[in-house]
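**Student:** Following this message is one structure expressed as C-alpha cells.
The values are calculated or read from the model by the stated rules, or taken from the named source; none is laboratory data. Every value quoted in this text rests on a predicted model; they were computed, and no experiment measured them. Positions of Cβ are generated from backbone atoms using ideal geometry, with glycine treated the same way; all protein chains shown enter the neighbour counts. Accessible surface areas use protein heavy atoms only, side chains included; no ligands, DNA or RNA. Shrake-Rupley method; radii C 1.70, N 1.55, O 1.52, S 1.80 Å.
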Amino acid sequence: MTHAGHRPDPPERMRPSTPAANATVFLGMITPAGRVAYVTPQLPAEVALAAAGTDRPVESQYRLAGPCVTSSCGFWTGEHCGLGERLATSYQEAVGPAETELPRCAIRRTCRWFAEQGAAACAACSHVVTDSR
Ligand code: SF4
C-alpha cells in the first residue's frame, strides 16, 4: 500500500558489467569476435561460473551482471553511472546514432546503463568485456 506523500523506493538497478565475485546474473557470452551474445531468458551467474574454463578469467569469457552499488563504486558520479555515460558517448562519437533495434537482453527493465543512456548504452554494451583487475 502506498500513502499520499510517500514516494515508493526507486527500483533496484542492475550493473551490466560486474566482476564474478559480485555477479548474480549470467548476461551473455563473449564471442570470438569480442561481441556479447546475450542470454535470454535470464539465468543465474552460477551457470556461467560453473561452465567457465579455468585458463583465463571468467570475465573474459562471459558477461555477468549484479546489483548496482551506486556510491560504493568508483564510476558513480553522485547521480548516475559515469561508466555507462562514457561508453554510450564514445560509441556515438565513433559510430554515430545507435540502431533502434535493441539486443534481446535479460535485464533491460532494471539496467542502470539503459535507464540513463537509452539505446546508445545497449549498442556500446555489446562490445564490453569486463575488466576483472
Ligand atoms: S545496456 Fe542494454 S543490452 Fe546492455 S545490459 Fe543494459 S539493457 Fe542490456
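**Student:** So, in region 37-86, how many residues would count as being in contact (Cβ under 8 Å) with a residue 60 or more places away in the chain and either surrounded by fewer than 13 Cβ atoms within 10 Å (Cβ to Cβ) or in contact with a Cys (Cβ under 6 Å, 6 or more places away or on another chain) (or both)?
**Tutor:** 2
**Student:** Determine which single condition Arg108 fails, assuming it passes every other condition in (1) charged (D, E, K, R); (2) more than 7 Å from the ligand (Cβ to nearest atom); (3) surrounded by fewer than 19 Cβ atoms within 10 Å (Cβ to Cβ).
**Tutor:** (2)
**Student:** Looking at region 115-133, which of its residues are among the hydrophobic types (A, V, I, L, M, F, W, C) and in contact (Cβ under 8 Å) with a residue 24 or more places away in the chain?
**Tutor:** Residues of region 115-133 among the hydrophobic types (A, V, I, L, M, F, W, C): 115, 119-125, 128-129.
Result: Ala115, Ala120, Ala121, Cys122, Ala123, Ala124, Cys125, Val128, Val129.
**Student:** Please specify each residue of region 111-133 satisfying the condition of being farther than 15 Å from Arg35 by Cβ and either more than 10 Å from the ligand (Cβ to nearest atom) or of a type in the set (Lys, Arg) (or both).
**Tutor:** Taking region 111-133 first, the residues farther than 15 Å from Arg35 by Cβ are 111-121, 131-133.
Hits for region 111-133 are Arg112, Asp131, Ser132, Arg133.
**Student:** I'm checking my understanding of the structure. Among residues of region 23-36 that are open to solvent by 30 Å² or more (accessible area, probe 1.4 Å) and β-branched (Val, Ile, Thr), which one is nearest to Val129 (Cα to Cα)? Walk me through it before giving the result.
**Tutor:** Start the filter on region 23-36 by keeping residues that are open to solvent by 30 Å² or more (accessible area, probe 1.4 Å), which leaves 24, 29-33, 35.
From the residues that got through so far, the ones that are β-branched (Val, Ile, Thr) too are 24, 30-31.
Working: Thr24: 17, Ile30: 7, Thr31: 10 Å.
For region 23-36, the residue satisfying everything is Ile30.
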